[in-house]
Amino acid sequence: MSVWSNRTNAIKVTARRELLSTLYGLGLYVVLFVIFLLTAYGSIRVSLLNVVNNGLEALPNPITSPFYLTVFLAATYLGLCSAIAISREREQGTLEVLFYGPVDSLSYVLGKYLQQVLTFFVVLAFSLVNFFLLSQLTNLGFSGNFFGLLILSIFLASCMIAFGIFLSAAAKRNIFAVVLFISLVLFFVIFWGAHSLIMALPGKNLTTLLIYTRLILDNVNILIQWISPLAYFVRGMVAVSQGNIGQYLLSIVSSLIYTTLLLGAAVIIFDRRGVKR
Amino acid sequence: MKRPIVSFLGSLLIAVLAVGLVWAADPSEALTQVPQEVKEGQGTPKKEHQFVWSLSPWTGKEFGGSFAPRQVDTIYLLAGETNIMNSLRSEIYYWDITQEYMADWFGTKEEVDGKLEILKGNSVFKTVEKTPYVYSYPEGYYGRVELVTGPEAPEAFERYEKLQDDYYDAVSAYYDAQSKWQEKMDKLLARVRETGQYASPEEIPASPQQPEAPKLYVTSPVEAFVFDLPEGKYRIRLVDSNGEVVPETQKNLVVFSPRRAGVGYEIIPESKWTKPVLSDDRNQVLYLEGRRTFYLKPSHELEYNQYQYLKMSSLHKPLEGLGTRSAWMWVHTEEIVDAKIQILKDGEVIQTIERKPYYVEQTPGYALGYNIVEVTPPEEGETSEREPTFEAFRIDLEAKGKYVMRLVDASGEVIPGSERVIRSVRVASWPLYTIPLIPLLVGLAVVAWRRSLKSDIPEGMETQVTTEG
Amino acid sequence: MIRTEGLTKRFGQLTAVEDLNIHVEKGEIYGFLGPNGAGKTTTAMMLLGLLKPTAGSVYLFGKELTSDYFGIKRRVGVLSEFQYLYEDMTAYEYLRFFGQLYQIDDIDQRITNMLGLFNLDHRKHELLGGYSKGMKQKLGLARAMLHDPDLVILDEPVSSLDPYGIKEVRDIIMDENQKGRTFFISSHILSEIERTCDRIGILNKGRLVAEDTMSNLRRRLTEETEISIELENPVAELNMTLSALPFVIEVQGSGPDYTVRTKADKDYRAEISRAIAGAGGVTVSMRRHEMTLEEAFVTITEKNITLLTKEGATV
């Protein structure tokens, strides 16, 4: 049996086990419930109220915006799960048992990655049902680019998951991986929010402080947009909203490259760190 | 693990600190095209006799105005559009209060002779000589502008001047006629007062008609460089009659195109006419609740890079547009007037609306409020009682299902980018929060099933078996 | 089956294993002993490729792990000292998972056989979180042997088991060994090692201080042996008769009970029996007192380490 057929088998089997473990637990469902509730209350309800108050409102993506939010939160949750996946198994000792068998670093890491991506498909299925029902209920409707976003969301999740796996491979302890993941994601989100906000300001008649702040954020963004997993999705979102197929495909390709690099780094670090507690 | 994580965090912190320190120590190092005066600030502005390029770039809807002093190294212009530049010298100073360069045009305004050379790479792409030009406003100063260049420019100005002269002559004749008419009327009135007999209609002279002022306005001819360029990066310079490059005239030139084109709408809700809603992106959907009336003012629009667009008309303001290199903006270029709006439902046209003038009539009395009423055109020979507040397309829709709105031109063709979906919303309260329960219910069912997994120990055998191991 | 050459592992200044050369033959049960911190677990981890040696080589089935990683792993079964299980799985699911990992052909049959063998069949659909320590231990062993490995590495296989369970596992090991399976057992329960293993390796402070069969080890460690004799009737002057024998070191006792200390180079019971018969005595029982593994272990690790090297030991 060839090395790759062994690896493929290990990837498939470990991913399946992890997927079932996730689906048999309550965590994923609770998180989905909270996310859907948040988007229903925070986003859809607000959109509806705006329309009612003004009688008329031009909204770009009243269903796709909460969908972005759902995808982002779900991907972050899966990224967090990925961040603790390896370090937790190492702490629990089950990682060592797994490596008694025909499992190597590459197949293990890819198995973890595959499992989280498959979990994301489950998330997407629930999301589609949720937003379809909401759309029917409110008549907000889906925009034409929704399905482009649906496909793109898989690549966002991929980036987040790879990011989490990378941190998990590097962190010796669970708590470290969790803290690091949350801190970094918060930083990226806050930065993105601040950058978007300040870019939305009109270009004229700003105070000097705002001008300098905007300039610094714009320059720092040049680096952040390649490091932050969130940025890959934002690039794709922009391409979808503009109907720019070239940019859309480019954002998918860059997401795949980002994922590959992080997973590769995770395998290297994992090899050096070993499986022992 | 501690070492790699600490190293990573440390590097990140150092990078942030480095950026912060650089900014704190010398913020201008992080800026482009921000010269010394901006950094230092000035008390009494220092005037400097400088060569400048004055610019009248076409912005998509009008000709802007700016100039590029020595401290500015890059000029921005729209691709495929006629732009105007001139080579001048003046006293230039930085005015700290408004954070911009100023030119003392009244004190010093020297034309610098030469030819404009535009280079692409190392070769001369285009050479432009000065040519006379005027701005012509056929519908008046606040209306549409036309650029007239070459020998037609002074001719257009002459025509304008003649029209003005003819108008003044007509006004003068009108005043004379008015004076004579008044004299006749005074005599007639005196007779009526004396005799007590009314004059017959035939006796009353017709009042002279006031001449109508010509709408046309044309600016004085000026000689400048008028040209258009395709998209790209160039270098410009002024070359004198000896073929020598005039010092301080070399600049970079970025000619840019819009990223997207479309139709933008200014939507005026009847209930809040002072708070219009903008819809620039064709992906936006218009949502209604209940029966609504709103007024649409569609315009052609183009999407530009915000930095390049702002810089185009404000090169003399170094801080303008900074930090917007990654931002984009829609610019409404021309209002669409000769079109109709169609409203479709299920693919069928249910309404066709034409553009009409409307007037906002304040409700008299103590109650606040207004009505938007259509302004009917005056009869032949009569003037309108009121000037319209705005002209727009009036849409009146019952919020039921989904509609599609679009603009069609005179030939019935749909104007690209003009489609918008209009949907009515259903406001749901508690059902909105029950749908999210679905995953939770599924999860609880799964967990309950897993918890129900038991051993297949026959009843009564449990205690015996549990002693094992 | 297992061969190490100069296997060394250092953690900074600490040398956990130094220049280890062990050899496990096909079909044997090899016991690996050592006090706490001797380096047994480190050695096992290096054998399995879970720790990279600082120096030296490991050969499993005559090959290095890197040359045929998956092939070798599929032929090895491992039971660690502590059982780390996926507690959200049932026993059946757990074994099925590993069965799929090893790509076992008749997986369901194998699982049924294993669960039956370890008496876990009636609880196969129960979540592992509800299993006792002993049950987890047995399940771990079932997992280690599920894929019919040629080599089984066991670390404390009976530590959590009651006597019934211990016998169960011992019997399984012996049965499986009869079928040709090789076992490498690391244990602190010396009585079990003594009863089960063909050869033993003793590790102390990272160095292999002994590797031999039990009887050879005993022999090499002790110069004398004791033989307890019970006679039917006392024999006069038997002390002198027995003391006169060239291999006898000391004779103690009187009446029907005697204790004779002889040289440990061979078993002298036949000669003593003939001497007693020659003196007119009748031997009712004669027992040769053998050093237990525990005694040997303590002796080796705390006292007679150099003794083995003087004797031309293989280490």
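The values are calculated or read from the model by the stated rules, or taken from the named source; none is laboratory data. What you see is a predicted model, and the numbers here were worked out from it, not measured in a lab. Glycine gets a Cβ as well: all are built from the backbone with ideal geometry, and neighbour counts include every protein chain shown.
Here are some notes:
- Of all residues in segment B:389-442, those being among the small types (Gly, Ala, Ser), more than 7 Å from chain A (Cβ to nearest Cβ) and surrounded by 13 or more Cβ atoms within 10 Å (Cβ to Cβ) number 4.
- Where strands (runs of 3 or more DSSP E) fall entirely within segment B:255-302, those with at least 3 residues that are at pLDDT 90 or above and aliphatic (A, V, I, L, M) are at B:260-269.
- Members of segment C:71-84 that are modelled with pLDDT under 90 and at the interface with another protein chain (Cβ under 8 Å from one of its Cβ atoms): C:Ser80, C:Phe82, C:Tyr84
- Residue check for B:Ala199: in a helix (DSSP H, G or I), modelled with pLDDT under 95 and not assigned by TED's automatic domain parsing to the domain that holds B:Gly143: no
- Total residues in segment C:161-183, condition in a helix (DSSP H, G or I) and within 14 Å of C:Gly27 (Cα to Cα): 6
Residue-by-condition table, conditions (1) buried (at least 18 other Cβ atoms within 10 Å of the Cβ); (2) at the interface with chain B (Cβ under 8 Å from one of its Cβ atoms); (3) under 27 Å from A:Leu128 (Cα atoms):
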| residue | (1), (2), (3) |
| --- | --- |
| A:Gly55 | yes, yes, no |
| A:Leu59 | yes, yes, yes |
| A:Pro62 | yes, yes, yes |
| A:Pro66 | yes, no, yes |
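- Scanning segment A:15-52 for residues that are among the charged types (D, E, K, R) and at the interface with chain B (Cβ under 7 Å from one of its Cβ atoms) gives a single hit, A:Arg45.
- Matching helices (runs of 4 or more DSSP H) fully within segment A:1-73 where at least 2 residues are of a type in the set (Phe, Trp, Tyr): A:3-24, A:27-39
- C:Lys73 being of a type in the set (Lys, Arg), more than 19 Å from the chain's Cα centre (by Cα) and crowded, with 20+ Cβ neighbours inside 10 Å: yes
Listed here are the residues, each with its yes/no results for (1) over 17 Å from B:Tyr309 (Cα atoms); (2) assigned to a strand (DSSP E or B); (3) in contact with a Ser or Thr (Cβ under 9 Å, 6 or more places away or on another chain).
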{"position": "B:Gln71", "(1), (2), (3)": "yes, no, no"}
{"position": "B:Ile84", "(1), (2), (3)": "no, yes, yes"}
{"position": "B:Leu88", "(1), (2), (3)": "yes, yes, yes"}
{"position": "B:Thr98", "(1), (2), (3)": "yes, no, no"}
{"position": "B:Met102", "(1), (2), (3)": "yes, yes, no"}
{"position": "B:Thr108", "(1), (2), (3)": "yes, no, yes"}
{"position": "B:Leu119", "(1), (2), (3)": "yes, yes, no"}
{"position": "B:Phe125", "(1), (2), (3)": "yes, yes, no"}
{"position": "B:Tyr133", "(1), (2), (3)": "yes, yes, yes"}
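- Filtered by the rule that a residue be within 11 Å of chain B (Cβ to nearest Cβ), surrounded by fewer than 21 Cβ atoms within 10 Å (Cβ to Cβ) and not in a helix (DSSP H, G or I), segment C:128-155 gives a lone residue, C:Ser132.
- Where helices (runs of 4 or more DSSP H) fall wholly inside segment A:173-277, the ranges with 1 or more residues that are surrounded by fewer than 17 Cβ atoms within 10 Å (Cβ to Cβ), of a type outside the set (D, E, K, R) and more than 13 Å from every other protein chain (Cβ to nearest Cβ) are A:174-200, A:208-227, A:245-273.
- Strands (runs of 3 or more DSSP E) enclosed by segment B:310-359 - at least 1 residues per element that are closer than 22 Å to B:Glu100 by Cβ and not assigned by TED's automatic domain parsing to the domain that holds B:Glu91: B:328-335
- Members of segment A:135-172 found to be within 12 Å of another protein chain (Cβ to nearest Cβ), free of Cβ contacts under 8 Å to residues at least 12 places away in the same chain and assigned to a helix (DSSP H, G or I), listed by number: A:Gln136, A:Leu137
- Residue check for A:Val51: surrounded by fewer than 19 Cβ atoms within 10 Å (Cβ to Cβ) and out of contact with any helix residue (DSSP H, G or I) (no Cβ under 7 Å at 6 or more places or on another chain): no
- Residues of segment C:91-118 satisfying the condition of being within 14 Å of chain A (Cβ to nearest Cβ) and not in a helix (DSSP H, G or I): C:Tyr102, C:Gln103, C:Ile104, C:Asp105
- Residue in segment C:185-196 that is touching a Phe, Trp or Tyr at 6+ places or on another chain (Cβ under 9 Å) and within 14 Å of chain B (Cβ to nearest Cβ) present: no
- Exactly one residue out of C:Met89, C:Met45 is without any contact (Cβ under 8 Å) to a residue 12 or more places away in the chain, farther than 24 Å from A:Trp4 by Cα and buried (at least 18 other Cβ atoms within 10 Å of the Cβ), and it is C:Met45.
- From the options B:Gly264, B:Gly290, residue that is touching a Leu at 6+ places or on another chain (Cβ under 9 Å) and either within 20 Å of A:Asn244 (Cβ to Cβ) or assigned by TED's automatic domain parsing to the domain that holds B:Ala399 (or both): B:Gly264
- Only one of the numbered conditions (1) facing chain A (nearest Cβ under 10 Å); (2) more than 20 Å from A:Ala239 (Cα to Cα); (3) touching a residue at least 60 places away in the same chain (Cβ under 8 Å); (4) crowded, with 20+ Cβ neighbours inside 10 Å is not met by B:Arg291, and that is (4).
- Count - residues of segment A:209-233 that are small (Gly, Ala, Ser) and closer than 19 Å to B:Trp328 by Cβ: 1
- Residue match in segment B:326-345 (condition: over 26 Å from B:Ser424 (Cβ atoms), within 14 Å of chain A (Cβ to nearest Cβ) and in contact with a Ser or Thr (Cβ under 9 Å, 6 or more places away or on another chain)): yes
- Counting the residues of segment A:68-97 that are within 14 Å of chain C (Cβ to nearest Cβ), in contact (Cβ under 8 Å) with a residue 24 or more places away in the chain and in contact with a helix residue (DSSP H, G or I) (Cβ under 7 Å, 6 or more places away or on another chain) gives 4.
- Check on A:Phe132, outside any helix (DSSP H, G or I) and surrounded by fewer than 23 Cβ atoms within 10 Å (Cβ to Cβ): no
- Contact map, segment C:138-167: residues that are within 20 Å of C:Phe98 (Cβ to Cβ) paired with residues that are aliphatic (A, V, I, L, M) and assigned to a loop (DSSP other than H, G, I, E, B), Cβ distance under 6 Å, separation 6+ or inter-chain. Pairs shown: C:His147/C:Ile104; C:Leu151/C:Met1.
- Of B:Ala261, B:Ala224, all but one fail to be touching a strand residue (DSSP E or B) at 6+ places or on another chain (Cβ under 8 Å), in contact (Cβ under 8 Å) with a residue 24 or more places away in the chain and farther than 30 Å from B:Trp328 by Cα; the exception is B:Ala224.
- Selection count, segment C:178-198, where residues are surrounded by fewer than 19 Cβ atoms within 10 Å (Cβ to Cβ), of a type outside the set (Val, Ile, Thr) and under 13 Å from the mean Cα position of the chain (by Cα): 6
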